[in-house]
Amino acid sequence: MQGGIHAIVSHGNILRNAILQHVRVVSPVMRSLVFARHESTSAAQMEEHGFESTKISDVLKAKGKGADGSWLWCTTDDTVYDAVKSMTNHNVGALVVVKPKEQNAIAGIITERDYLRKIIVQGRSSKSTKVGDIMTEENKLITVTPDTKVLKAMQLMTDNRIRHIPVVDNKGMVGMVSIGDVVRAVVSEHRDELDRLNAYIQGGY
């Protein structure tokens, strides 16, 4: 899956051509005309209609406030057991970690991977281990902003091999997205782009 995602991010032009090749064009002559017409489309037009323009803010809106763990958090003093229980109850794979009594002060993040690698594999007790002992600390935390493009977020996640990324603005934490959220957004965007290209070929632009 990682390789497939990386291919989408690294080879946008190949994907664009692949989309065009899925348009029903019968003869080589007609195919050439379609490509010529597509290439003549102005950058401003394509930007207006949003190719690769979906932002993280759009992903958060689609998730809904408080949905799918966007606002779930725990503190550094909570036990790993309680944190994992919260993940299970809310069907999420990560929690933002905040400092005790400071909900807006991000201390780090704890994920399913942290639990597996630092508790299960090492034979430690989740009930006696604090979240602060196994979390990824804030100074090592990779974040995005609501204005970050989804393809940029995907690039960050695949390059750093992470599956969850907090979303922050100048006021603090505003949500969290997973690699699944980002992939769905990219797939949806390219599906929309295919529809736009079909409309353009048929004279809709």
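The values are calculated or read from the model by the stated rules, or taken from the named source; none is laboratory data. Everything numeric in this text was worked out from a predicted model, so none of it was measured. Neighbour counts run over all protein chains shown; Cβ positions are idealised from the backbone, glycine included. In case anyone asks, the SASA skips ligands and DNA or RNA and just uses the protein heavy atoms, side chains included. Shrake-Rupley method; radii C 1.70, N 1.55, O 1.52, S 1.80 Å.
In this label model, residue 147 and residue 62 are separated by 2.2 nm, measuring between points 7 Å along each Cα→Cβ vector. Residue order by solvent-accessible surface for 133, 58 is 133, 58, largest first, with ligands and nucleic acids left out and a 1.4 Å probe. The largest accessible area among 115, 81, 200 belongs to the first residue in 81, 115, 200, and the rest follow in falling order (1.4 Å probe, all chains).
Rounded to the nearest whole Hz, the Karplus-based 3J(HN,Hα) values (6.51 cos²θ - 1.76 cosθ + 1.60, θ = phi - 60°) of the range 120-126 follow the sequence 4, 4, 8, x, 8, 8, 6, with x at glycine and proline. With a simple spin-label model that places each label point 7 Å from the Cα along the Cα-to-Cβ direction, the separation between residue 130 and residue 202 comes to 6.2 nm.
Within the range 165-205, the trypsin sites (Lys or Arg not before Pro) that combine a DSSP coil assignment with at most 11 other C-beta atoms in a 10 angstrom radius are 171. Among the protein heavy atoms, those of residue 152 account for about 110 Å² of accessible surface (1.4 Å probe, every chain in place).
Restriction of the trypsin sites (Lys or Arg not before Pro) in the range 96-146 to DSSP coil positions whose beta-carbon has at most 15 other beta-carbons within 10 angstrom yields 101, 124, 127. Taking all Cα pairs closer than 8 Å and separated by 6 or more residues, the relative contact order of the range 53-205 comes to 26 percent. Can you give the log10 of the normalised intensity I(q)/I(0) at q = 0.12, 0.15, 0.20, 0.29 Å⁻¹, computed with Debye over equal Cα scatterers of the range 79-132? Debye curve over Cα of the range 79-132, log10 I(q)/I(0) at q = 0.12, 0.15, 0.20, 0.29 Å⁻¹: -0.25, -0.40, -0.69, -1.22. On the beta carbon distance between residue 105 and residue 82, with R0 = 22 Å, the FRET formula returns roughly 0.70. For the range 56-185, the Kirkwood hydrodynamic radius from C-alpha pairs, put into Stokes-Einstein at 10 °C and a viscosity of 1.306 mPa s, yields a diffusion coefficient of 108 µm² per second.
The charge dipole of the range 72-183, taken about the Cα centre with unit charges on the Cβ atoms of Lys, Arg (+1) and Asp, Glu (-1), comes to about 260 debye, rounded to the nearest 20. Accessible area per residue for the range 115-170, computed on protein heavy atoms with a 1.4 Å probe, is 60 Å².
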